[in-house]
1. The conditions are (1) farther than 17 Å from Asp600 by Cα; (2) surrounded by 14 or more Cβ atoms within 10 Å (Cβ to Cβ), and Leu649 fails exactly one of them. Which is it?
2. Restricting attention to segment 98-108, does a residue exist that is polar (S, T, N, Q), touching a Lys or Arg at 6+ places or on another chain (Cβ under 7 Å) and at pLDDT below 75?
3. Of the conditions (1) modelled with pLDDT of 80 or more; (2) touching a His at 6+ places or on another chain (Cβ under 8 Å), Leu597 clears all except one; give me its number.
4. The conditions are (1) modelled with pLDDT of 80 or more; (2) in contact with a Ser or Thr (Cβ under 8 Å, 6 or more places away or on another chain), and Ser64 fails exactly one of them. Which is it?
5. Given the criterion more than 30 Å from Val99 (Cα to Cα) and either surrounded by 11 or more Cβ atoms within 10 Å (Cβ to Cβ) or β-branched (Val, Ile, Thr) (or both), identify the matching residue among Ala295, Ala272.
6. Any idea how many residues of segment 703-723 are at pLDDT below 80 and surrounded by fewer than 13 Cβ atoms within 10 Å (Cβ to Cβ)?
7. Go through segment 757-785 and report how many residues are under 13 Å from Leu808 (Cβ atoms) and at pLDDT below 80.
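The values are calculated or read from the model by the stated rules, or taken from the named source; none is laboratory data. Predicted, not measured: the structure shown is a model, and the values here were computed from it. A quick note on method: Cβ atoms are made from the backbone with ideal geometry, for glycine too, and the neighbour counts reach across all protein chains shown.
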Amino acid sequence: MKEQSGHITSKVILGYILLITIAVCSVAYIYNIVEKVAEEDEPDHQARRKVYLVTNTLSLLYESEALGQLVGMPQNEFRHFNRTLNKAHNNMDSLRTLVTDSMQLLKIDTIDLLLERKRWNTRRLLETWQEANTERLYTENIEKIIAVRDTIVNEVQVQERVEVKQDTVVVPRKKRGFFKRLADVFSPGKEDTSIVVNTTREIVTDTLVNAYNPTDTIVSVLKSIQDSVAWQRQQLMDQLLERASNLRYNNSVITREINQMLRNIEEEEMEASLERVYKKQVLLRETSHLIAGIAIVSVVIAFLFLFFISRDISRSKYYRMQLEKAKQVAESLLRSREKLMLTISHDIRAPLSSIIGYIELLLRRHPDERQQYYLENMKGSSDHILSLVNDLLDFQRLESGEMEVHSVPFRVPVLFDEIYTSFQPIAEAKGLRFVLNLKPEETGQVYMGDPIRIRQVVGNLLSNAIKFTEAGRVVLLVSLQKLSIINYQLSITVSDSGPGIPKEEQERIFGEFTRLADTEEAEGFGLGLSITRKLLSLMNGTLALDSTPGKGSDFTILLPLPLADNQSLPDVTAEAPDAGEAEALPLFEGQDVYCLLVDDDPLQLALTEELLKQSHVQVVGCTNPHNVLELLRNTVFNAIITDIQMPTLDGYHLLERIRTSGIPGTDKIPVIALSASIAKEHEHYLEAGFTGFLNKPFTAAQLISLLNELLTLHLEAKSELNFSSLTAFAGEDPEASASILKTFSEETRKSIDLLREALEGKDREEASRISHKLIPLFTMLGANSLVQHLRILEKNDEELTDSGWYHLLGEVIEQALAIVKDAESAIG
C-alpha cells in the first residue's frame, strides 16, 4: 500500500512538473512573441527622423523663399537666408546617413545642388537688383562722360548684350520591383523621371560700329546717358525677372523633389508597416497554432496522467479496502489474543493457583517418599506452566505498553547474592560450575532501580545459560562504573560454555517465538530473550551478545543506575521473600486472628481457607459478595481478603460498599485483593483503596507474610502441645511424668545445642540428622509447624538456599526451645 501510494505521488509530481514545464515554456515563448510584436509596434525612429529632416528642410525652404522674395534685402537678412540654407544642407547631410536607396541619395544630391543654385541665383538676383539702382547707373555714366577726352576722335563703338540659356536634363528613375510599381499605380502624381535645369548666361558683342560725332551737344550726351541708363536698367530688370523666374523654378523643383522624397518615405513606411502587419499576422497565426498544439498536448498529458492516477487511486482504494479488511482481521486477532491473554490471566491462573495450593497442602501432610516424589513432580510441572503463562502475559503487557517500571532503593550485592543463591542449586543439579564475580565500586551504596525487573532479566539469561549448557561453567559477572557524581552504570555479563550461537542467528534469537534449529526440543515459547530486551529497553538499558559456535556465549547488560537520595533506606530486596524460600518463612504463633474470605470460586475459597487455618487463622468464607455487609455487622474481623473478578459484584465495588457502609471499623479495616489477572500493576490496587494485593497463585507463606505486614500484631499458630502423649507410660504417677518431661527437656536441650553448633558450622548434614531424630518426638507432641520445618531440614533439598536454611534452622531452634520451656513449666 505504501509503495502504491508512492507511485501515485510520483506520478502526480511528474504530471505537475510536465504541465508546469509546458506552461513555463509557453509563457516564455508567448512573452518573446509579445516582445517582438511590441518592438514592431514601436514607431520607427529612423523613419520619423527622415520625415522630420525632410519636413524641416521643407519649412526652411519656405522660409528662405520668403526671404528671397524680399527685393533688395539688407545684408543681415541675406546672412539669415544663408543660415537657413545651411540648415537645409545639414538636414540633407543627416538624411544622407539614414538613406540607403541610391535613388534617394541621388535626389538628396540634386536637392543639395539646387540649394546651392538657389543660393547663387539669390545672390545674383540681389546683385542684379543692386545693379539696377538708377543713381548708380547715372553715376557710372557721368563718370564715363567725364573720362571722355575733349578732342574729337573717331571711336568705334561696340555694343554688347547679355543672352541667357537654359538647358533641361531629364534623369530617368531607378528601376523598381513589382510591388513598388504596383503601389505607384495607387499613388497619383508620382513621376518616373527627375528634371534638372542648368541655366547659363553669355555676353554677346555686336559688331556694328557707330560713328562718333564729336559735335554732339550736351543734350545728345545727356540723352545718350538717359538712354543708356534706361537700357541698362531694362537689361537689369530683364535679368532680375529672369533670375527671379529661375529662382522660383528652382524652388518649385526643390519643393517637388522634397515632396517626392516625403512621398517615397511615406511609401517606404507604408510598405514597412504592411510588411510588419503581414509578419505579425504570420507570427500570430504561428503562435496561435503553437498555443493550440500546446493546449492539445497539455490536455492529452493531463488525461493520460488522470487516467494513470485514477487507475492507481482505484487500485489504492482496492488495496486500502483489502488492508482495512486485513486490519479488521488483525484487530480481531489482536482482540482474540487479548481475550486469550485475559483467559490465560484468569481462567488458567485461577485453577493453576488451586492446583499449586493443594499440592502445597498435600506436601504439608507428611506424605511418604513415593507420594512426596509425585507431589514434587506435580509442583515442578505446575511451576513450569506458571512460568510459561507469566512469559505470555509479560509479553502481552510489553506489547500493549502496560508494563511499568517502579524504581525503589536497593543494594546491588544483596540483589545478586539472592539471584546467585536461587540459581546455584539448579546449576549444581546439572553438574555445572556456577560462579558469581561481583565487583561493585561502591558496595555499600544504595541505588534506585527496579530490582524485580532486574531479577527477571538476569533470571531469563541465567535460565537459558543453564538450560543450554551441558557441561562446563556459567559465570555471572557484575560490575559498577561511575559515570558522574550520582549516576552509575551497572554492567551484567552472563557467560556460559554452551554450544554458542552462529553470527547469522544472533539477531534472530531476540525475536518473538523464535527458537534455534538445535533447540527445538527445549522447553519454552522462545519469548525469554525478547522479553528481556524489551524490559531492558523499558529501563533504558541495552543487551549485547557475543557468541562463538563451540565456545559459548556472553550476554552483556548495560543499565543506568542513579544513586538513591537516602542511603540509609532499608534494603527492600533482603526483605522480599524469594519463591525458592517460601517454605522457610516463619509462621508465627500467638493471638487469634479473624479473617473474612470472599471468593465466588468454591475451590479457591476452600484452598485459601485451609491455608489460613493451618496458620491458625480463624476464617469465615463467603461465596456471595452481597452477604459481606451482613457478616461485618455480626462479626468483628481483623482483615478482609477478597477476589477481584466476581460476576455479580467485583472487588472494587465491594470495597466501596465496605468503606461507605458506616459499620464501625470498616473504614480502616485492611482489605487484601486477590486476582489471577496481571493486567493491572500492584500500585493500581493500592490507588483503588486496597490495603494489599496478591497475585494468584500465591503460597501460604506469602499470604501470612502480607497479613503480618498489614496488621499490628503477628499472626501465629496457637500452641496446642499435648504432653500427655509423652507421659502416657507414666500413668497417674506425677513423679514419673515429671521425670519423663525432665528427660525430654534435657535431651531436647542437647539436640538444640547440637543444632546451634551445626548452625554456627553451617553443617547441613548434621542438622538434617538431628532433625530426623527430633521429628517423631515433636510429632507426638502435636507441634505441626515445628515438624514441617524439621522435615524441610531433614530433606536438605538443594533448592533450599544457604540463607533460607540458616533462617529456617534459627526458627526451629527458637520454636524447640519454647517447647522445652513449656515442658519445664509443666514439671513445676
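1. Condition not satisfied by Leu649: (1).
2. Scanning segment 98-108 turns up no residue that is polar (S, T, N, Q), touching a Lys or Arg at 6+ places or on another chain (Cβ under 7 Å) and at pLDDT below 75.
3. The one condition Leu597 does not meet is (2).
4. Result: Ser64 passes all but (1).
5. Ala295
6. Selection size over segment 703-723: 4.
7. Count: 1.
Yes or no, residue by residue, for (1) surrounded by 15 or more Cβ atoms within 10 Å (Cβ to Cβ); (2) under 15 Å from Lys821 (Cα atoms); (3) touching a helix residue (DSSP H, G or I) at 6+ places or on another chain (Cβ under 6 Å):
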site	(1), (2), (3)
Leu741	yes, yes, yes
Glu757	no, no, no
Glu760	no, no, no
Ala767	yes, no, yes
